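The values are calculated or read from the model by the stated rules, or taken from the named source; none is laboratory data. Bear in mind the structure is a predicted one, so any value in this text is a computation, not a measurement. All Cβ positions, even for glycine, are placed from backbone atoms using ideal geometry, and neighbour counts span all protein chains on display. Only protein heavy atoms, including side chains, enter the accessible area calculation; ligands, DNA and RNA are left aside. Shrake-Rupley method; radii C 1.70, N 1.55, O 1.52, S 1.80 Å.
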Amino acid sequence: MKKAGFSITFPEPNAGIKTQSEEYCVVESDGQERKIRLHDYHEIYALPGLYEHLFYERLKCKSPDVITRLLIEQINKSSAPISELVVFDLGAGSGIVGEILKQKGVNLIVGIDIIPEAALAAQRDRPGVYDEYHIGDLRNLPLDTQKALEAKNLNCLVTSGALGFGDIPASAFAECYNLIAVDGWIAFNIKEDFIEESDSTGFFNLVKGMIDGGIFNLRVRHRYCHRLMVDGSPLYYVAMVGVKKA
């Protein structure tokens, strides 16, 4: 991957940042500085190498490795061929999860993201990973996109670090889940706050209802440090892998 020259400065620990939505960094590139929120992905993807350096080198993000490892472990236990997976990568971003799965033996991966810059970054940094890459809101997809996805006979849904925070709300995740074939694999992670009873995003009720109702056969649930916050404190997520039953 070709990387542009840049440097990153984080705010001081006493800057008063309490939530992920408030996090930011200052990026210096070509002699100019600009403040970028960590959720302003369209700006981050535009600078080659910034996403990887920021989240994986500096903030030690582990989620793509955790999600793909847990998924592959469960598939291996089932004796199902990894090569027969048709993966739908939800919130695919610049293609990190897709690249890992490709290296593990998955032949066909379809990506989707709501941010056009994500698709451009995936093509720029990881060409050939995705059979198709769509841009759109799953709650309001164009008819031709919907038909193209249905024609793929998707049998595995993977999403890493994308659920919640408005970009992929609970209703969009449900729409995506419905595109996966029955007995297909489901692997996702989510901030632990979103699956507690105090949650107001809808994910607690959705996930609990899926499991309790037999819609989702949960095989493994794993709590881990998703990444560090800019002040160095750990940010915990829960990964879940299982099989769609309805």
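Can you find, within the range 100-139, the residue that is nearest to residue 46 (Cα to Cα) among those that are part of a loop (DSSP other than H, G, I, E, B), modelled with pLDDT under 95 and hydrophobic (A, V, I, L, M, F, W, C)?
115
Among the residues of the range 168-226 satisfying the criterion of being touching a strand residue (DSSP E or B) at 6+ places or on another chain (Cβ under 6 Å), buried (at least 18 other Cβ atoms within 10 Å of the Cβ) and of a type in the set (D, E, K, R), which is farthest from residue 109 (Cα to Cα)?
Filtering the range 168-226 for residues that are touching a strand residue (DSSP E or B) at 6+ places or on another chain (Cβ under 6 Å), buried (at least 18 other Cβ atoms within 10 Å of the Cβ) and of a type in the set (D, E, K, R), the one farthest from residue 109 (Cα to Cα) comes out as 191.
Please enumerate the residues belonging to the range 160-170 that are free of Cβ contacts under 8 Å to residues at least 40 places away in the same chain and either assigned to a helix (DSSP H, G or I) or within 13 Å of the chain's Cα centre (by Cα) (or both).
164, 169, 170 - these are the residues of the range 160-170 that are free of Cβ contacts under 8 Å to residues at least 40 places away in the same chain and either assigned to a helix (DSSP H, G or I) or within 13 Å of the chain's Cα centre (by Cα) (or both).
Please verify whether residue 104 is under 18 Å from the mean Cα position of the chain (by Cα) and of a type in the set (Lys, Arg), treating the condition exactly as stated. Before the answer, list the steps.
Numbers: under 18 Å from the mean Cα position of the chain (by Cα): yes; of a type in the set (Lys, Arg): yes.
Considered against the rule, which asks whether it is under 18 Å from the mean Cα position of the chain (by Cα) and of a type in the set (Lys, Arg), residue 104 comes out as yes.
Starting from residues that are farther than 12 Å from residue 175 by Cα and under 19 Å from the mean Cα position of the chain (by Cα), keep the ones in the range 129-148 and report whichever is most open to solvent (accessible area, probe 1.4 Å).
Top of the filtered list is 131.
Could you list, in sequence order, all residues of the range 65-79 that are open to solvent by less than 30 Å² (accessible area, probe 1.4 Å) and without any contact (Cβ under 8 Å) to a residue 60 or more places away in the chain?
Within the range 65-79, just 72 meets the criteria.
Can you spot a residue in the range 234-243 that is of a type in the set (Ser, Thr, Tyr), at pLDDT 95 or above and open to solvent by 20 Å² or more (accessible area, probe 1.4 Å)?
yes
Scanning for something closer than 18 Å to residue 189 by Cβ and of a type in the set (Phe, Trp, Tyr), does the range 52-60 turn up at least one residue?
Among the residues of the range 52-60, at least one is closer than 18 Å to residue 189 by Cβ and of a type in the set (Phe, Trp, Tyr), which makes the answer yes.
Can you tell me which condition residue 37 does not meet? The list is (1) charged (D, E, K, R); (2) more than 30 Å from residue 243 (Cα to Cα); (3) open to solvent by less than 50 Å² (accessible area, probe 1.4 Å), and all the others hold.
Among (1) charged (D, E, K, R); (2) more than 30 Å from residue 243 (Cα to Cα); (3) open to solvent by less than 50 Å² (accessible area, probe 1.4 Å), the lone unmet condition for residue 37 is (3).
In the range 45-64, what count of residues is obtained for those that are outside any loop (DSSP other than H, G, I, E, B), surrounded by fewer than 21 Cβ atoms within 10 Å (Cβ to Cβ) and of a type in the set (A, V, I, L, M)?
Summing the residues that are outside any loop (DSSP other than H, G, I, E, B), surrounded by fewer than 21 Cβ atoms within 10 Å (Cβ to Cβ) and of a type in the set (A, V, I, L, M) in the range 45-64 gives 1.
Here is a list: 17, 67, 75, 36. Which entry is in a loop (DSSP other than H, G, I, E, B), in contact with a strand residue (DSSP E or B) (Cβ under 9 Å, 6 or more places away or on another chain) and among the aliphatic types (A, V, I, L, M)?
17
Please identify the pairs in which a residue from the range 80-106 that is open to solvent by 20 Å² or more (accessible area, probe 1.4 Å) has its Cβ atom under 6 Å from the Cβ atom of a residue that is of a type outside the set (D, E, K, R) and part of a helix (DSSP H, G or I), counting only partners at least 6 apart or on another chain.
82/75; 96/64; 100/64; 100/68; 104/72; 105/82; 105/83
Got a sec? Which of 173, 188, 194 is in contact with a Phe, Trp or Tyr (Cβ under 9 Å, 6 or more places away or on another chain) and part of a strand (DSSP E or B)?
188
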